[in-house]
Each structure stands twice: as C-alpha cells, then as structure tokens.
Amino acid sequence: TFTELSNEYAWLIPLCPLVAPCLTGSLSFFFPEATRGLRRVCATFNIFSLTAAMFISSVLFRQQIVSHSIQQYLWAWILRSDFCLKIGFLVDPLTLVMSILVTTVGVSVMVYSDSYMRHDQGYARFYAYLSLFTASMLGSVFSPNLIQIYVFRELVGMCSYLLIGFWFARSSAANACQKAFVTNRVGDFGLLLGISGVYWVTGSFEIFELCDRFAELNSAGIVNPIFANTIALLLFSGPVAKSAQFPLHVWLPDAMEGPTPIPAPIHAATMVAAGIFFIARIFNLISTLPTAMQAIAWVGGVTALLGATLALYQEDIKKGLAYSTMSQLGYMVLASGTGAYRSALFHLVTHAYSKALSFLGSGSVIHSMEKVVGYSPIKSQNLFLMGGLQKYMPITGITSLSGTLSPCGIPPLARFWSKDEIIAQSWLYSPPLGLLASTTAGLTASYTFRIYLLIFGGNFRANRINDITKSDICLLPANLVNSWGGAEPESSAERVASDFLLTQYVGRNEVVESKSLLDPYPSEGAPNNEQATRAHFDQNLLHPEESDLAMALPLVTLAIPTALVGLIGVNPSQKEISGDLLSEWLTSPTYSAEANEYLSNLTEVLVNSVSSVSLSIVGILISYKIYGQTGDFFKVGVFGKLVVVNRDLLTTFGYFARNWSVNRGYIDYCYNITFVRGLLFISKLISLFDQYIIDGFVNGTGASNLFGGEGIRHGGSGRISHYQFGLVIGIILLPSLAIPPLP
C-alpha cells in the first residue's frame, strides 16, 4: 500500500527531483521553442516530482518513528584486492528528518516561484536548477560514506553557483556567484584533506565504521592528538564555508543577487544546512576531541555575534535576513561545539521554516514594491522606502509577524525553544560563550523587529520622498540641514548624530536620488488645507498590493510550522528526562540524543527562560523606541523631537556601529588588501621574473647565437690562405689551453 513502504525504496527520494531537471534541461536544449510553450508543464512536473519525494519521505519517517532502525544498502563501486569503495544510501532518523525538512521547504518555494518568476525568460531553466539543487542536497543526506557526501556537496555548490548567478547578465550577479563558488572551494579543499587524513588513520570512508574506529584509536593513544585535532578541524572547514561561518562567511550576503525565492532554500534548508548536517554526521568523531570541540564552539559563538552586529543597520531587506541567517547558523555550530548535538538539530529545524517564511515574505514585499518604484533592487529592496504595508498586504504582514517573533525568541513560537536550549547549554559549557549567546539573542530581537517595523510600521514612504524634500525641509532642525546644504552642527557629536539619523531615515543617497518619482502636488487647484493635500496625495499615488494566491498560500503554510514545530523539542513530562519527540526520533544505537536536563517540563522551561526572553524584549523595545514611535519618518514634528530626545545616544559609537554594519565589518576590505591585492602583487612579480629572467636568458642565448653566426659569416672570406693562417694560430694556442695534470 501507499502507506507502507520498505526503506529500500528510499533511493526514490533523491531520484524524483533528479529526473525532472534532466528532462527539463534536455527538452530546453533540443527543443527550445517547444519548451517556451510548455514551460508551465515543465514547472508542474518539477513540483510534482518533489511532492512525490516529500510523500515518500513522510511515509518512511512515519515508519521510522516506530522502528528506530538504521539500514544501509550498498553496492560495490571500486573493487580491488586491497580496497573496496561502495556506494548506496543510508536510512536512519537523522536522514529522514533532514529529508522531510528539505522537501517541505522545497515544495513551498517551487509553488511560490510559479508566480514570482512567471514573466522571467528563464522560467523553465530556474525550475531545472532548483530541482537539481534539491536533488543534490537529498543525495548528500542519504550518503553512507564521505566520498558520496563530498560528491553531492560539490553538486550543491555548483547549483548554488547557477542559482546565485541566474541573472548572469548583471555584473553584480556574475561576481556574486563566482565569490560564492571560490569561497566554498576553499572550505571543500580543507574537507578533502580531512577526508584523506581520516582514511589514512582508519582505512575506511564509511561514516559509522570510521567514527567508531577513529574513537577507538584515539582513546587508545595510537593517533597523535595534534594530528587528530588537525583532521577534525580540516573536516570542519567544509561546514565553515557551506554554513557561512567566520571567516568564510563573506559569500552569504552576495548570494542575494539571485531571484528572491532562491535564498529560501539556500539559507533555510539546503546549502547552509549541509554544513550543520555534516557536523551531525561525524559528531561521534569530533566529540572525542575536546580541543576541536572548543574551537568549533568559539567559531560558532563569534559567528553568531558577528552576524547579529552586521545585521543591525542593513538597508537592503535581503542582506539583513542574510546576516540573520549567518548569526543563527553560528548558534547551531556553537551548540555542536558544546556537545548539544540534539539542540543544534532542533534549532536547524525551527530555523529552516521561519527563515524560509521570512525570505518568501520579503519576496512578496519586493514583488509588490516593484510595481511602485520600478524594477530596481536599490529601491525595491530598500527598507527606508517601505513602511505601512500592513494595510496593503495583510496576509504578508500577519505571516511575517510570525516569522519575526519566532527568531526574536518570543514564546511559544518555534525558535524560542531551540534558542533557549542553546543559550542554557552555552552558559554551562563556558560563561564567555554564554555571554556571547545571550548578547546575540538581544541583538537578534532588535534587528529582526527593526526590519518588521520599517516594512509594516508607519506610513508608506516611497511616494513621499518629494514631500520631505519640497515642503518639510525648511522645518527640519537647523543642525540637520547640512546634508542638503546649510548650517553645520556645533559639535562633532551633533554632526555624528545628524548624519546618523539622516542616513537611517532618509536612506542614504538612494532615497535622495529618487526624486524622479511622481510629484505629490497637483499642478492646479491645490488646496491650502494640509489634511486635504495629504488625502489627495494618498489617493493619486501607487501603493503596493497583496500578492496572489500562489505566493500567499506558501506563506500561510510555512507560518504553521514556524509557530508550532518547536513543540517537538519540548518535554512536557515531569517523569522522563528525554520525553520530547525530537529526542525520541533521533534516538538510535549510534546517535544517542542529548539528555534534556534543563527542560524537565513546560513550566520549568518558561521559568528558566526568563532571562533570555527579557533580553529579547529589551531588544524589541529599543527597536520600537527608535523606529516605531515615529509612525511616519517624514513627519517632521516627531522627527525633530526624536533628534532632541536621542541626541545623546547617537554618539560616535552609534556612528561607528552603523558604519561597521554597512561596511560588513570591514572584513571584505581586509580580504581585498590581503588576498586580492597580495595575489595581484605576487602575480606581477612572477610576470616580471618570467619576462626579464626566464625570457631574458632564452632571448640572450638566441641573440648571442645570432651575433656569433653573423660574425662568423662576415669572417668567412673564401680565401684558403686565411683559413690556413687561422689553423696555424689555433695549433700554436692549443698547448697553452691544455689543463695541467694533477700532482
């Protein structure tokens, strides 16, 4: 029956989304004209194939809950007398949890993309890339050995390159996909070295076998501790790149150059999840190495805090969400480094649904903004040109509120439960790491709620740029007029405050340069009453509209797990220590779930989480104080009052924090100076060495032969007497050139 399947059919899960892009790509290559007419059929086939994979995953997962079995199906690939490499697939609880996650998010993104990409010329190509991307991740999930995992990881990297550079005619997209590809190759090269080291020690690529054998050899003292930790850190370098951990995180914000539906699978359940999944797969190996675990924990903690600070003042909605993803991935790596394997996977599940909802919600907003400001990412993705969209886009607003409060850590939404576990574990493992995790929680609530307020709070601002530049500019405080010309602030602190506020509320140069928008004032018969003018202004300008059903339905669907999926990790029982569903699902002979010692029952969870929730509430209140009370940022009376109230807060530190965020922590500049310019300098030195030394020697030899030949040619007169004279001279000089014998 359809409700009962053997685990041996699990190979259909990655195969279904693999067949669809192969057929779509073949059809596009051989029959391009027919593909344009059948592009909706191609999209439907891709969606159906992934839906079939989701159905099979659900059936196997339902059976896995009861059986808790681990099964491998292997076939010999490379067979020699002293070496045998097998390929196949592995079915265990971790595999099926990840399979459910990837397929459900993937189906939502595909349904959503039908409306978002409907008018794009690369519609069919987009679906082929997306299906291949999902199939590659599913192949990695079901891989039983490191070689297969590495191959499918490379396919994931190739698909991300294709999707990020989907609009390759734009130079920014072309540069972004190359940056992502090269950065991930750095991590994958380290991973390849780590795989080689593991095989040299254990003689096996099979995950379960090599983990157990490595642990036995390490505990027996056979493996050098320095070498063992080096291997573990080399293996960890793969997840550092794939999951955007410091210092290989620089590709993640640039990945926003692809179509907006793309960041949902990349940042939620596919590419960045591949790194966390790999850590979970080899957790039994790295857990025996305290030094490596400590390094992993600190990398995760630093990444979590760095991502939160970089997201604080982002103007682009997608880049703000990208740095939010980086921060949350840091939480997962931090949990893995502290030994909280279950908590890391719990946070991965809760993060995937809420982040997919956030990115698809941002896509809905951008799609509607393009109808007002035109197709310009600088304008349609600028947070300071939005505002008041709740009344125009109610479905997007309500679902986005769920996707906002969940990462803020507000109970009972999903991400509250997982993040609170990680913070508690961090404090027990190391107080400095606990401080990093708690500080990140407050910053997360602040920048996440800031994004929501700038989009849905106040009034719509894109059509009111001229309103402030023409009428209200004369009413601004004198110390703020300097950006357009006029009086300068009296002190450096006031200058910093004014520049900071104008940058935040006017949106830097992009907003000022958008004066070509519709003039809000009628040419004739303009009423003198300010309220009447505002009403006329609102009625005659374009406003965003709610997205259609194909885009709104995935938002509503993802809002449900965003709110409720956290309950799978809550232990309501006061008798059993590990009574939550996630621990039961992940319990197996190989992977023993972490004992949930801190969450014995729901009441205790809420009591213990008072401190983390308080930090989140403080962060929300700070964002509301800055961005919520203004209502309309172009309402000058409140704007001027805000300047007076918060002038002491907006000091040089605030200006530095804004620059730190906008300039990406200056890390890209450091890489540009260190690596890019350094490599260019070395290349020029090598070019000069090749030109003047190598080529100089070769050219000098050729020139000497040429001149020597010419001299001999001119010396040959054809007279025999001259040749005889030369022969006699040579015979006379020959004895003088003889080498004397050794004494």
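The values are calculated or read from the model by the stated rules, or taken from the named source; none is laboratory data. If you're wondering where the values come from, they're calculated on a predicted model, not measured in any experiment. Glycine gets a Cβ as well: all are built from the backbone with ideal geometry, and neighbour counts include every protein chain shown. The accessibility values were calculated without ligands, DNA or RNA, using every heavy atom of the protein model including side chains. Shrake-Rupley method; radii C 1.70, N 1.55, O 1.52, S 1.80 Å.
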Contact list, first residue from the stretch 41-60 and hydroxyl-bearing (Ser, Thr, Tyr), second anywhere and open to solvent by less than 10 Å² (accessible area, probe 1.4 Å) and part of a helix (DSSP H, G or I), beta-carbon distance below 6 Å, six or more apart or interchain, is Ser49/Pro17; Ser49/Ala20; Ser57/Ile13; Ser57/Ser99; Ser57/Thr103
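The rows are residues; the columns are (1) surrounded by 18 or more Cβ atoms within 10 Å (Cβ to Cβ); (2) without any contact (Cβ under 8 Å) to a residue 40 or more places away in the chain; (3) over 30 Å from Leu306 (Cβ atoms).
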{"site": "Gly221", "(1), (2), (3)": "no, yes, yes"}
{"site": "Ile226", "(1), (2), (3)": "no, yes, no"}
{"site": "Leu235", "(1), (2), (3)": "yes, no, no"}
{"site": "Gly238", "(1), (2), (3)": "yes, no, no"}
{"site": "Ser243", "(1), (2), (3)": "yes, no, no"}
{"site": "Phe246", "(1), (2), (3)": "yes, no, no"}
{"site": "Leu252", "(1), (2), (3)": "yes, no, no"}
Restricted to the stretch 560-582 and to residues being under 14 Å from Ile398 (Cβ atoms) and open to solvent by 20 Å² or more (accessible area, probe 1.4 Å), the residue modelled with the highest pLDDT is Ile560
Scanning the stretch 50-63 for residues that are open to solvent by 10 Å² or more (accessible area, probe 1.4 Å) and not hydrophobic (A, V, I, L, M, F, W, C) gives Thr51, Ser58, Arg62, Gln63
Of the listed residues (Leu345, Leu360), the one being under 21 Å from the mean Cα position of the chain (by Cα), at pLDDT 90 or above and part of a helix (DSSP H, G or I) is Leu360
Scanning the stretch 162-177 for residues that are surrounded by 19 or more Cβ atoms within 10 Å (Cβ to Cβ) and either without any contact (Cβ under 8 Å) to a residue 24 or more places away in the chain or out of contact with any Leu (no Cβ under 9 Å at 6 or more places or on another chain) (or both), the one farthest from Pro253 (Cα to Cα) turns out to be Phe166
**Report entry** Check on Ser108, in contact (Cβ under 8 Å) with a residue 60 or more places away in the chain, small (Gly, Ala, Ser), crowded, with 20+ Cβ neighbours inside 10 Å and touching a helix residue (DSSP H, G or I) at 6+ places or on another chain (Cβ under 7 Å)
**Finding:** yes
Filter result for Ala703 (touching a Ser or Thr at 6+ places or on another chain (Cβ under 8 Å), modelled with pLDDT under 85 and among the aliphatic types (A, V, I, L, M)) = no
Of the candidates Phe133, Phe126, the one satisfying the condition of being in a helix (DSSP H, G or I) and over 22 Å from His351 (Cβ atoms) is Phe126
Going through (1) open to solvent by 10 Å² or more (accessible area, probe 1.4 Å); (2) modelled with pLDDT of 90 or more; (3) aromatic (Phe, Trp, Tyr) one by one, Tyr313 fails only at (2)
Note to self: Looking at the structure I just gave you, is Phe277 open to solvent by less than 10 Å² (accessible area, probe 1.4 Å), more than 14 Å from the chain's Cα centre (by Cα) and of a type in the set (Phe, Trp, Tyr)?
What the structure shows: yes
Filter result for Ser115 (in contact (Cβ under 8 Å) with a residue 40 or more places away in the chain, touching a helix residue (DSSP H, G or I) at 6+ places or on another chain (Cβ under 8 Å), assigned to a helix (DSSP H, G or I) and open to solvent by 40 Å² or more (accessible area, probe 1.4 Å)): no
Counting only helices (runs of 4 or more DSSP H) wholly inside the stretch 647-697, the ones holding at least 3 residues that are modelled with pLDDT under 85 are 652-662
Filtering helices (runs of 4 or more DSSP H) wholly in the stretch 207-308 for at least 1 residues that are over 30 Å from Gly403 (Cα atoms) and of a type in the set (Gly, Ala, Ser) gives 207-219, 225-242
Checked the stretch 359-373 for anything open to solvent by 10 Å² or more (accessible area, probe 1.4 Å) and within 20 Å of Gly403 (Cα to Cα); matches are His367
Of the residues in the stretch 378-393, those that are open to solvent by 10 Å² or more (accessible area, probe 1.4 Å) and closer than 13 Å to His543 by Cα come to Gln390, Lys391, Tyr392
Practice prompt. Answer yes or no: is there a residue in the stretch 53-74 that is on the phi < 0 side of the Ramachandran plot, touching a Lys or Arg at 6+ places or on another chain (Cβ under 6 Å) and at pLDDT below 90.
Written response: yes
Residue count, the stretch 133-154, condition over 11 Å from Pro14 (Cβ atoms), of a type in the set (A, V, I, L, M, F, W, C) and in contact with a Leu (Cβ under 7 Å, 6 or more places away or on another chain), comes to 2
Checked against (1) at pLDDT 90 or above; (2) closer than 28 Å to Ala335 by Cα, Thr396 satisfies every condition except (2)
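Within the stretch 394-443, how many residues turn out to be farther than 30 Å from His543 by Cα and in a helix (DSSP H, G or I)?
Looking only at that region, the number is 29.
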Tell me yes or no: at least one residue of the stretch 318-330 is open to solvent by 10 Å² or more (accessible area, probe 1.4 Å) and closer than 30 Å to Thr396 by Cβ. yes
If you go through Arg415, Arg450, the only one that is buried (at least 24 other Cβ atoms within 10 Å of the Cβ) and in contact with a Pro (Cβ under 6 Å, 6 or more places away or on another chain) is Arg415
